[in-house]
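Each remark here refers to the structure printed beneath this line.
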Amino acid sequence: MTTKDTKNIPSLAAEQAIKVQADLPKHVQLVVVSKTQPIPNITPLYDAGFRHFGENRADDLRHKYEQMPKDIQWHMIGHLQTNKVPIISPFVHLIHSVDSHKLLLKINQAGSACQRRINVLLQVKISPDDTKYGLSEAALQAIIEDEKVAELRYIRIIGLMGMASLTQDATQTQREFNQLNKLFETYKSRPHPTITMQVLSMGMSGDYPIALQQGSNMVRVGSAIFAPPV
Ligand SMILES: *Cc1c(COP(=O)(O)O)cnc(C)c1O
């Protein structure tokens, strides 16, 4: 089958992504979370015009980057080990999951090696849930106020990312997203030589409407697009 033929196959995922997109205000970027999806499942979304895709494993991100059209903006959304940074540094559009000073230094080093300034978000832990990665508020502040971080020439810190608790309690989700939004607004209003708070990445399939109310301007949606409708 040629690529031309696949364009005409109606894809449920593309239809669902179009519905999610229709829910979003114009200034909000949708990142289609394509993790665990094989390339033939992702192609219909590309053909429907989607260009921002997110993966949570560096090796998968690299593989899909190599196999798919080069105008895709690839987002790394999952926990990133320092030894995996060079796998994605030559092409990644945005790393959402920077949760340590050590990782920041490693990304800067990898950026230097490929002569690219790499866009990153600092991931903040807003959920008491033990399984969630992220910086504490104190660790976030320490990174932002670190003069050596401001001098790193191959990274560009452009915002914050967070994941809310897995809960049915909407007020808790709201509270957690609100906490992140407050941090975002606080740092956004403070002049900084190199950090510009532009992106607030929060909201997934189950909670993006709440995230939007709390000021998100980037949502990462997977299962609401790829899972069959219930
Ligand atoms: C998997 C994942 C998502 C998407 O989750 P869904 O519930 O499938 O929409 C978003 N962000 C991160 C960090 C993820 O790992």
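In this structure, the residue pairs whose Cα-Cα separation is over 18 Å, taken from LYS106/LYS148; LYS26/LYS125; LYS35/LYS64; LYS125/LYS182; LYS64/LYS84, are LYS26/LYS125.
When SER223, SER201, SER89, SER112 are arranged by Cβ crowding within 10 Å, least crowded first, meaning fewest neighbours, the order is SER223, SER112, SER89, SER201.
Dimensions of the range 132-183 from C-alpha coordinates, computed as largest minus smallest value along each principal axis and given longest first, are 42, 19, 17 Å. Cα centroids of the range 197-230 and the range 129-156: 23 Å apart.
Remark on the range 153-230: Rg and Dmax equal 14.2, 48 Å (Cα only).
Between LYS182 and GLU66, the FRET efficiency estimated from the beta carbon spacing at R0 = 35 angstrom works out to 0.30.
Placing +1 on the Cβ of every Lys and Arg and -1 on the Cβ of every Asp and Glu, with no other charges, gives the chain a dipole of roughly 580 debye about its Cα centre. Here the alpha carbons of the range 1-136 define both size measures, Rg and Dmax, at 16.2, 50 Å. Structural size metrics of the range 61-207, computed from C-alpha coordinates, are Rg and Dmax of 15.4, 45 Å.
Values quoted throughout were computed directly from the atomic coordinates according to the rules given, and no laboratory measurement underlies them. Quantities reported herein were computed from a predicted structural model and do not represent experimental measurements. Neighbour counts are summed over all protein chains in view; Cβ atoms, including those assigned to glycine, are modelled from backbone coordinates with ideal geometry.
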